[in-house]
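K.L.:
One structure is given below, represented as structure tokens, and several questions about it will come after.
The values are calculated or read from the model by the stated rules, or taken from the named source; none is laboratory data. Fair warning: this is a prediction, and the values are worked out from it, not measured in the lab. FYI the Cβ positions are ideal-geometry reconstructions off the backbone, even for glycines, and counts take in every protein chain you see. All accessible areas refer to the heavy atoms of the entire protein, side chains included, with ligands and DNA or RNA removed. Shrake-Rupley method; radii C 1.70, N 1.55, O 1.52, S 1.80 Å.
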Amino acid sequence: MSYQEEARKLLLEFLDNLDKAEKQEFLLLSSKWTVIEKSLEEKILALASKDTLTPNQLYQSDLYKEFLVEAKKQVTQFAKEAGEIVAENQLRFAQAGLAVTQSELSLLKIKFNSLPIQVIKNFIGKSKEGTPLFELLKASYPETVTQLTDTLLRGIALGYNPEKTARLMAEDMSGNLTRAFRIARTEQMNVFRQTSTMQMQEAGLKEWEWLAEEDACEDCASQNGKRFPLDVDMDTHPNCRCGTLPVI
């Protein structure tokens with residue numbers, strides 16, 4: 001088996017293990033979100049039961065104002081807890097990025113300096129653009145409020161029964177959980193690739209190779225096997241699971 005084949009096998013094994021860890025993380029995020037759904041369930045149903053409100057009456061109602069206060073409180077708390085969970089997993093992905101690259105380089109029996117995990121700890125808790133995860137996770141709240149309000153008013157106008165309107169509003173709220181999943185996967189993989197690239201640079205390498213997973217999208221599949229200079233970041237999309245291979 002050639003170096004590149006062995007290195008690919010190693011990287012795919014690491015990605016599989018990270019995928020399993022990610023599933024546990026998503027279950028934890030889901031359980032946190034369930035608490036929010038329960039806390040807002042009664043207020044959502046009460047709002048959905050108002051079948052004669054005009055938009056202006058809705059905006060002025062105490063029930064609507066109370067709902068907004070509670071929703072903001074709950075979403076902010078979720079952003080804080082989810083940010084901590086994602087940051088913890090970022091550290092795990094960072095450790096994996098260093099470990100897999102060091103293992104790949106060891107296949108060649110060459111001497112290189114192993115980067116300690118402390119070198120990349122300043123990445124943890126931030127997005128690729130440097131925005132704190134907490135801010136990134138709660139940023140969708142204003143948009144969520146607009147969606148909830150539009151859904152409520154549409155349900156009233158179309159004469160939906162309260163249960164249907166409440167269900168649609170709950171689906172609007174759950175978009176925050178879906179967004180948290182996307183942020184988690186995207187930012188954790190970014191840290192994984194960053195630490196891998198930093199270790200390659202420390203070892204004196206010049207290039208990395210794109211490794212697409214078997215179920216990769218068409219764009220990523222077209223990049224599989226292509227090589228890039230180490231100062232070129234992987235230009236990919238949110239939720240991408242592709243990895244970078246050291247090129248010797």
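K.L.:
Sum up the lysine pairs in the stretch 101-248 that clear both bars: alpha-carbon distance under 17 Å and a spacing of 8 or more or different chains.
P.N.:
Values: K111/K206; K126/K138; K128/K138; K206/K226.
Qualifying lysine pairs in the stretch 101-248: 4.
K.L.:
Let me ask another. So if we plug the beta-carbon distance of K206 and E88 into 1/(1 + (r/R0)^6) with R0 = 35 Å, what FRET efficiency do we get, rounded to 0.05?
P.N.:
It comes to 0.55.
K.L.:
Let me ask another. Calculate the translational D of the stretch 66-183 in whole µm² s⁻¹ from Stokes-Einstein, where the hydrodynamic radius comes from the Kirkwood formula applied to all Cα pairs, the temperature is 4 °C and the viscosity 1.567 mPa s.
P.N.:
Numbers: Rh = 17.2 Å.
Here the translational diffusion coefficient equals 75 µm²/s.
K.L.:
Rounded to a whole number, what is D in µm²/s for the stretch 13-113 from Stokes-Einstein with the Kirkwood radius over alpha-carbon pairs (20 °C, 1.002 mPa s)? Before the final figure, lay out each step's value.
P.N.:
Working: Rh = 17.4 Å.
The diffusion coefficient I find is 123 µm²/s.
K.L.:
Another question, then. May I have the pair-distance distribution P(r) for the stretch 17-65, computed from all Cα-Cα distances with 10 Å bins from 0 and rounded to whole percent?
P.N.:
P(r) for the stretch 17-65, in whole percents per bin: 22, 30, 21, 17, 10, 1.
K.L.:
Using only helices, what value at 222 nm comes out for the chain when you add -39,500 (n - 2.57) per DSSP H run of length 4 or more and divide by the total residues, to the nearest 500 deg cm²/dmol?
P.N.:
Details: 7 runs with 168 residues, N = 248.
Result for the chain, helices only: -24000 deg cm²/dmol.
K.L.:
Next question. Report, largest value first, the span of the C-alpha coordinates of the stretch 137-248 along each principal axis, in whole Å.
P.N.:
Its Cα atoms span 66, 26, 16 Å along the three principal axes.
K.L.:
So, counting K/R as plus one and D/E as minus one, what does the shell of residues with Cβ under 13 Å around T131 add up to? Present the calculation step by step, with values, prior to reporting the outcome.
P.N.:
Values: positive: K126, K128, K138; negative: E129, E135, E187.
After counting each charged neighbour, the total is 0.
K.L.:
Roughly to the nearest percent, how much of the accessible area of the stretch 1-132 is carbon and sulfur, given a 1.4 Å probe? If you can, show how the numbers build up before the last one.
P.N.:
Details: 4000 of 7520 Å².
Solvent-exposed carbon and sulfur of the stretch 1-132 make up 53 percent of the total.
K.L.:
I would also like to ask the following. Per-residue accessible area for T146 at 1.4 Å probe radius, Å² rounded to 10?
P.N.:
That residue has around 80 Å² of solvent-accessible surface.
K.L.:
While we're on this one: Based on the alpha-carbon set only, what is the convex hull volume of the chain divided per residue, in Å³? Before the final figure, lay out each step's value.
P.N.:
Details: hull volume 32.3 nm³, N = 248.
Residue-normalised Cα hull volume stands at 130 Å³.
K.L.:
While we're here: Can you figure out the FRET efficiency of E143 with E214, using R₀ = 41 Å and their beta-carbon distance, to the nearest 0.05? Write down the numbers at each step before the final one.
P.N.:
On the way: r = 35 Å, r/R0 = 0.84.
Efficiency at R0 = 41 Å is approximately 0.75.
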